[in-house]
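Colleague: Take this structure first; my questions come after.
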Amino acid sequence: MNNIFNYTREKLVKYFDSIGEKKYKAVQVLEYLYQKKNFNIDNISNIKKDTVEKINKDFTFDMIQISDIKHGEDVVKYLFKLLDGDYIEAVLMKHNYGNSLCISTQVGCNMGCKFCESGRLKKVRNLDTYEMVEQILLVEKNDNIRISHVVLMGIGEPFDNYDNVINFIKIINDDKALAIGSRHITVSTCGIVPKILEFAKLGIQVNLAISLHAPTDELRNKLMPINKVYNLELLIDTLKKYIKLTNRRVTFEYILLNNINDTEECAYNLCKLISGMNAYVNLIPYNETQNFNFKRSSTSNITAFYDILKKNGINVTIRREFGGLIDAACGQLRANKGGNNS
Ligand code: SAH
């Protein structure tokens, strides 16, 4: 049986058609669930009782649960318990332009980046679409707020769970469901090249961020095993194709690790690598964790790195820090809770 929160409008319309109901009932159900925030349809008024019964037989309305909430100065971190007992997390950031939720896409992650907590906990499974949708729904309902921006930068590699992620984007983007504008949705990947191309051809106006973190193959191979499969030349070539096809800018995320990837030489190599691209670089001070030896770059290294990029005509910002005090960096809350597989 299928969870109703896996269903796009298109699929719900087909379902209503298949049971001999009017197609617009699909929209009424979406509005009832997503906009009125009822998480079952037992009391929906504009659908007849026997149809409601039929829908209840054909779908589940199962939900993940909020298991813990931690409040920081500027972030709120939610730990969710899945139906099978595993844990994932989402982080809410309140900005002046709206509320942004960073959601998880997998239980654990197989990408094995050397600095990342999520990778320390190997992938258990992909999240189903409803488990991603419900992270947003539950935070909206629990806090009585509207989420205006969604970033897929929590636990997991979105492009290693491609179909469910695309399905999820279609649902949250639907103006009859969560109505989150595509330009307010950001997918972040460590660089799974074939999926970047597929994503480009899809023709949706969603932002793409690339976790780059190193400007040479030699260094990137050491930090991010995915680089041994899709090296920098291939990645950059693919991104150039993406930019051409979509006419959209790409964001490069670059964590600054003290004396590892924050040297002047690295900065110059980065300029060379991405010069002329319609891209911008987001420099991220590393959130130190007790499980790794990496250290956050010194302020002077961060500034020097930033200045070199700026002087070489690269669009660059330094990310305002979020969540350090409550372990809100990727994977940290779940890692300390243990999950099911640590
Ligand atoms: N797998 C995807 C999305 C999840 S990770 C990806 O790689 O893009 C989201 C971002 O957080 C990535 O850029 C990741 O490298 C970064 N990250 C992981 N651990 C971090 C830490 N301790 N401090 C700061 N950023 C971190």
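The values are calculated or read from the model by the stated rules, or taken from the named source; none is laboratory data. Predicted model, so just to flag it, every value in this text is computed and none were measured. Cβ coordinates were reconstructed from backbone atoms using ideal geometry, including for glycine residues, and neighbour counts include every protein chain displayed. Quick note on the areas: whole protein, heavy atoms, side chains included, nothing else; ligands and nucleic acids left out. Shrake-Rupley method; radii C 1.70, N 1.55, O 1.52, S 1.80 Å.
Colleague: Please tell me if residue 163 is in the same structural domain as residue 293 (by TED's automatic domain parsing), among the charged types (D, E, K, R), surrounded by fewer than 19 Cβ atoms within 10 Å (Cβ to Cβ) and without any contact (Cβ under 8 Å) to a residue 12 or more places away in the chain.
Modeller: Taking the combined requirement at face value, the residue satisfies it.
Colleague: Evaluate segment 177-187: report whether one residue or more is over 22 Å from residue 140 (Cα atoms) and buried (at least 20 other Cβ atoms within 10 Å of the Cβ).
Modeller: no
Colleague: Let me ask something else about it. The conditions are (1) surrounded by fewer than 20 Cβ atoms within 10 Å (Cβ to Cβ); (2) under 23 Å from residue 251 (Cα atoms), and residue 173 fails exactly one of them. Which is it?
Modeller: (1)
Colleague: Further question: So residue 81 passes all but one of these: (1) open to solvent by 40 Å² or more (accessible area, probe 1.4 Å); (2) closer than 25 Å to residue 181 by Cα; (3) in the same structural domain as residue 165 (by TED's automatic domain parsing); (4) at pLDDT 95 or above. Which condition number does it fail?
Modeller: (2)
Colleague: Condition test on residue 16, is it within 21 Å of residue 168 (Cβ to Cβ) and at pLDDT 95 or above?
Modeller: Here the answer is no, as residue 16 does not meet what is asked.
Colleague: When the residues of segment 286-300 are narrowed to those that are surrounded by fewer than 19 Cβ atoms within 10 Å (Cβ to Cβ) and not in a loop (DSSP other than H, G, I, E, B), which ends up nearest to the chain's Cα centre (by Cα)?
Modeller: 299
Colleague: May I pose another question? Determine whether residue 53 is in the same structural domain as residue 179 (by TED's automatic domain parsing) and not hydrophobic (A, V, I, L, M, F, W, C).
Modeller: For residue 53, the condition - in the same structural domain as residue 179 (by TED's automatic domain parsing) and not hydrophobic (A, V, I, L, M, F, W, C) - is not met.
Colleague: If you scan segment 194-206, which residues turn out to be open to solvent by 10 Å² or more (accessible area, probe 1.4 Å) and hydrophobic (A, V, I, L, M, F, W, C)?
Modeller: Of everything in segment 194-206, those that are open to solvent by 10 Å² or more (accessible area, probe 1.4 Å) and hydrophobic (A, V, I, L, M, F, W, C) turn out to be 197, 202, 204.
Colleague: What pairs can you find where one residue is in segment 107-130 and within 26 Å of residue 214 (Cα to Cα), the other is small (Gly, Ala, Ser) and open to solvent by 30 Å² or more (accessible area, probe 1.4 Å), and their Cβ atoms are less than 9 Å apart, with a gap of 6+ or different chains?
Modeller: Between residues of segment 107-130 that are within 26 Å of residue 214 (Cα to Cα) and residues that are small (Gly, Ala, Ser) and open to solvent by 30 Å² or more (accessible area, probe 1.4 Å), the close pairs are 120/342; 121/342.
Colleague: If the requirement is being more than 16 Å from the ligand (Cβ to nearest atom), among the hydroxyl-bearing types (Ser, Thr, Tyr), modelled with pLDDT of 95 or more and within 16 Å of residue 280 (Cβ to Cβ), which of these qualifies: 216, 246?
Modeller: Answer to the selection: 246.
Colleague: Quick one: is residue 245 in contact (Cβ under 8 Å) with a residue 40 or more places away in the chain and surrounded by fewer than 16 Cβ atoms within 10 Å (Cβ to Cβ)?
Modeller: Yes, satisfied.
Colleague: Ok, one more. Residue 33: of a type outside the set (Asp, Glu), assigned by TED's automatic domain parsing to the domain that holds residue 167, in contact (Cβ under 8 Å) with a residue 12 or more places away in the chain and within 18 Å of residue 140 (Cβ to Cβ), yes or no?
Modeller: No: the conditions fail for residue 33.
Colleague: Further question on the same structure: For residue 124, state whether it is open to solvent by 20 Å² or more (accessible area, probe 1.4 Å), of a type in the set (A, V, I, L, M), touching a strand residue (DSSP E or B) at 6+ places or on another chain (Cβ under 6 Å) and more than 13 Å from the ligand (Cβ to nearest atom).
Modeller: yes
Colleague: Another question, if that's okay. Which is of a type in the set (A, V, I, L, M, F, W, C), assigned by TED's automatic domain parsing to the domain that holds residue 104, within 14 Å of the ligand (Cβ to nearest atom) and in contact (Cβ under 8 Å) with a residue 40 or more places away in the chain, of 185, 196, 192?
Modeller: The unique qualifying residue is 196.
Colleague: Taking segment 30-66 on its own, how many of its residues are part of a loop (DSSP other than H, G, I, E, B) and of a type in the set (D, E, K, R)?
Modeller: Going through segment 30-66 one residue at a time, the tally reaches 5.
Colleague: Let me spell it out: the conditions are (1) open to solvent by less than 20 Å² (accessible area, probe 1.4 Å); (2) of a type outside the set (Asp, Glu); (3) within 15 Å of the ligand (Cβ to nearest atom); (4) over 24 Å from the mean Cα position of the chain (by Cα), and residue 266 meets all of them except one. Which number is the exception?
Modeller: Single failed check for residue 266: (3).
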